[in-house]
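I have placed the structure first, in the form of structure tokens, so that the comments after it can refer back to it.
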Amino acid sequence: MADRKTFPDSIVTIPAQGTHQPLGLVVNAVEPNQPDEQLTIHFSFDIPKRAQGKLEALVSSGKTVSATELEKYNPNASSITALQDWLEGQGFTTVEVTADGIYARAPTSVVAKSLDVDFVRVTRDGFTHNAARNVPSLPAKLAKNVRAIGGLQPFLRAHRNSRRRSPSDANRVALGTPTVGLVAQAQTEANKPPYMVSEILTAYSADALGVCGAGQTIAILIDTLPDDADLQAFWEANGLAQDLSRIERINVKGSALDAPEGEETLDVEWSSGIAPGAKIRIYASGSLSFVDLDRALDRIIADLASNPGMRQLSISLGLGETYLGGPNGEVATQHQKFLRLAAAGVNVFVSSGDAGSNPDQTGHSSGGPTQAEYASSDSMVIGVGGTTLQLAANGSRQSEVGWANSGGGKSRFFNRPTWQKQLSAAFGDKRLVPDVSITADPDFGAFLVLGGKVVQIGGTSWSAPIWAGICALLNEAMLKSGKAALPFLPPLLYPLAGSAAFSDITSGSNGLYEAHKGYDQVTGLGVPNVRNLMHALVG
């Protein structure tokens, strides 16, 4: 195949037939009339290597670029146009062309012939897909600047990082109780789970700071949208002066969306609760397939110029790194997008996972290989781990330990970034996860209104939107003090290790790793004292 360029990291290995662990795939027998279903394929282009290195150095040094300046780091436009023309000649329909890639749709038979791949029928989690078995390729003259080809194995999807419980001891409002009279019931048992927004703000010294996230926008990346009535009931129960005019909904594909599942509701209710003065922009991707998530990230990047206050993004999704193939496939595709966001001054908070140090393919159970979850392991995001927080009767932190299911570890793909260089050499030379942490344990979980009923919920999916809300508070404080909004946070946070800006969590285990004095792979730098963190960053 001297005249074609191959993309080995764009697929994972599929066995001949039977169950394939650890992904839990079942490869079906060949069907005589195999469905020629439509596939959306993502052709991702490289930022020129020198330009990418320059952009990463800029982020590491605490600098940002404007949305207009960011265009200087786009891949070569003529290369994208040339491939688009070829794909359309092969029978593809262009879905969307972005700054760094092409989304194109075609029947499986057209994809197979054009990319020189064979497809098999694969079942996972009750859904059957056409999936590529062998490495795809493109004509070499067109593929010089193509980094990866995504979407050939639709069974590869991110998972949500949240867990539900019945409200502890039937506290506040028993599970299933209608939201009528919610305010009165929710205020009767203070500082007991399910916790209210004001209690979490007080626990982390984020109350009475004179900021509410005004002028800021928090982006949420998830597959579907929450119900308006649930949001209003949550705000009412928490005594928040929020309203639906602050919630902006973007249906990225413009397709029908699934009913609320809980994750989208948690992200929006709690980010808007922590920063009630901020706008919330929900980017509903339509599914958790990586092609759809990539399109949503592209839309967020495209919207930065018209939304200058969008300086924080919460993502409560992930998948163990070992399930994602090699470093030059989907991981490289998303890393390039996270790099662009970080360079533009958008801090991306990603939940570290809910299955400890050994997550399986579902993300809800241990028993998989020792691994960190992507995208929390990307060097251009803030990985957010979880704790078990118990409040005293007066609202103070009675105890806080590393949550047993908090994701953490070291990356297979990313070397240790410069801001982690001062950590012990005993950790090795790879990117360490998480960076920070905050409450997560569903047994001491969050108050949530879902489907008109009260739910107690937790997971690092709770942690990420809390941190995104805190970032909005910090950014408002920066602007009020006459300073520029925050750049990429990790180079600013790691020098604060051991200071009053963080409460070090020194006990708890997520399986392989133990929380201890200083940085650890359960809780990172620890949990924030937001008042002190604000003083440290704002002055």
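The values are calculated or read from the model by the stated rules, or taken from the named source; none is laboratory data. These numbers come from a predicted model, not from an experiment. Backbone-built Cβ (ideal geometry, glycine too); neighbour counts: all protein chains shown. Protein only, heavy atoms only, side chains kept; ligands, DNA and RNA dropped before computing areas. Shrake-Rupley method; radii C 1.70, N 1.55, O 1.52, S 1.80 Å.
Out of everything in the stretch 235-253 that is open to solvent by less than 50 Å² (accessible area, probe 1.4 Å) and in contact with a Gly (Cβ under 7 Å, 6 or more places away or on another chain), what residue ends up being nearest to Leu313 (Cα to Cα)?
Val252
Can you pull out the residues in the stretch 334-364 that are farther than 12 Å from Gly318 by Cβ, outside any helix (DSSP H, G or I), small (Gly, Ala, Ser) and open to solvent by less than 10 Å² (accessible area, probe 1.4 Å)?
Within the stretch 334-364, Gly345, Gly356, Ser357 qualify.
Which residues, taken from the stretch 409-423, are in a loop (DSSP other than H, G, I, E, B), open to solvent by 40 Å² or more (accessible area, probe 1.4 Å) and free of Cβ contacts under 8 Å to residues at least 40 places away in the same chain?
Lys421
From the list Ser377, Ser406, Ser437, which one is closer than 26 Å to Arg165 by Cα and either aromatic (Phe, Trp, Tyr) or outside any strand (DSSP E or B) (or both)?
Ser406
Can you pull out the residues in the stretch 24-58 that are modelled with pLDDT of 85 or more, in a strand (DSSP E or B) and surrounded by 14 or more Cβ atoms within 10 Å (Cβ to Cβ)?
The answer is Leu39, Thr40, Ile41, His42, Phe43, Ser44, Phe45.
Can you tell me how many residues within the stretch 509-539 are in a loop (DSSP other than H, G, I, E, B) and either under 30 Å from Pro359 (Cβ atoms) or modelled with pLDDT of 95 or more (or both)?
Going through the stretch 509-539 one residue at a time, the tally reaches 15.
Here is a list: Ser406, Ser437. Which entry is closer than 28 Å to Trp235 by Cβ, modelled with pLDDT of 95 or more and crowded, with 24+ Cβ neighbours inside 10 Å?
Residue meeting the stated conditions: Ser437.
For the stretch 192-229, name all the residues that are buried (at least 23 other Cβ atoms within 10 Å of the Cβ) and of a type in the set (D, E, K, R).
Asp223, the sole residue that qualifies.
Going by the structure shown, is Thr523 hydroxyl-bearing (Ser, Thr, Tyr) and buried (at least 23 other Cβ atoms within 10 Å of the Cβ)?
Yes, satisfied.
With respect to Arg281, determine if the residue is in contact with a strand residue (DSSP E or B) (Cβ under 7 Å, 6 or more places away or on another chain), modelled with pLDDT of 95 or more, open to solvent by 40 Å² or more (accessible area, probe 1.4 Å) and farther than 24 Å from Thr439 by Cβ.
No.
Please give the number of the condition Asn307 fails out of (1) assigned to a loop (DSSP other than H, G, I, E, B); (2) within 13 Å of the chain's Cα centre (by Cα); (3) under 25 Å from Ala67 (Cβ atoms).
(2)
Can you run down the residue pairs with Cβ atoms below 7 Å, 6 or more apart or on separate chains, where the first is in the stretch 343-368 and in contact (Cβ under 8 Å) with a residue 24 or more places away in the chain and the partner is aromatic (Phe, Trp, Tyr) and open to solvent by 10 Å² or more (accessible area, probe 1.4 Å)?
The qualifying pairs are Ser357/Tyr513.
Just to be sure before I move on: is Gly345 touching a helix residue (DSSP H, G or I) at 6+ places or on another chain (Cβ under 6 Å) and at positive phi in the structure I sent?
Criteria not met by Gly345.
This table checks each residue for (1) part of a helix (DSSP H, G or I); (2) open to solvent by 10 Å² or more (accessible area, probe 1.4 Å).
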{"residue": "Ser255", "(1), (2)": "no, yes"}
{"residue": "Thr265", "(1), (2)": "yes, no"}
{"residue": "Glu269", "(1), (2)": "yes, no"}
{"residue": "Gly286", "(1), (2)": "no, yes"}
{"residue": "Arg295", "(1), (2)": "yes, yes"}
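Quick one: what pairs do we get from the stretch 465-491, first residue without any contact (Cβ under 8 Å) to a residue 40 or more places away in the chain, second open to solvent by less than 10 Å² (accessible area, probe 1.4 Å) and of a type outside the set (Lys, Arg), C-beta under 6 Å, 6+ apart or different chains?
none
Can you give me the ranges of the helices (runs of 4 or more DSSP H) entirely in the stretch 59-173 with at least 2 residues that are open to solvent by less than 50 Å² (accessible area, probe 1.4 Å), touching a residue at least 24 places away in the same chain (Cβ under 8 Å) and among the hydroxyl-bearing types (Ser, Thr, Tyr)?
Result: 108-115.
Take the stretch 440-465 and flag every residue that is closer than 20 Å to Val350 by Cα and not in a strand (DSSP E or B).
Those that are closer than 20 Å to Val350 by Cα and not in a strand (DSSP E or B): Ala440, Asp441, Pro442, Gly445, Gly459, Thr460, Ser461, Trp462, Ser463, Ala464, Pro465.
Identify the residue in the stretch 380-400 that is part of a loop (DSSP other than H, G, I, E, B) and polar (S, T, N, Q) and, among all such residues, is nearest to Trp462 (Cα to Cα).
Within the stretch 380-400, the match that is nearest to Trp462 (Cα to Cα) is Ser396.
Find all pairs meeting these conditions: Cβ atoms under 6 angstrom apart; at least six residues apart or on different chains; first residue within the stretch 197-209 and within 11 Å of Ile438 (Cα to Cα) and touching a residue at least 12 places away in the same chain (Cβ under 8 Å); second residue open to solvent by less than 30 Å² (accessible area, probe 1.4 Å) and part of a helix (DSSP H, G or I).
Filtered contacts from the stretch 197-209: Tyr204/Val530.
Considering only residues that are over 27 Å from Asp441 (Cα atoms) and within 21 Å of the chain's Cα centre (by Cα), which ones fall in the stretch 388-426?
Passing the criteria: Phe413, Phe414, Asn415, Arg416, Pro417, Trp419.
Could you identify the single residue in Pro495, Pro491, Pro487 that is in contact with a Gly (Cβ under 7 Å, 6 or more places away or on another chain), of a type outside the set (Lys, Arg), surrounded by fewer than 19 Cβ atoms within 10 Å (Cβ to Cβ) and more than 26 Å from Gln390 (Cβ to Cβ)?
Just a single option satisfies the conditions, and that option is Pro491.
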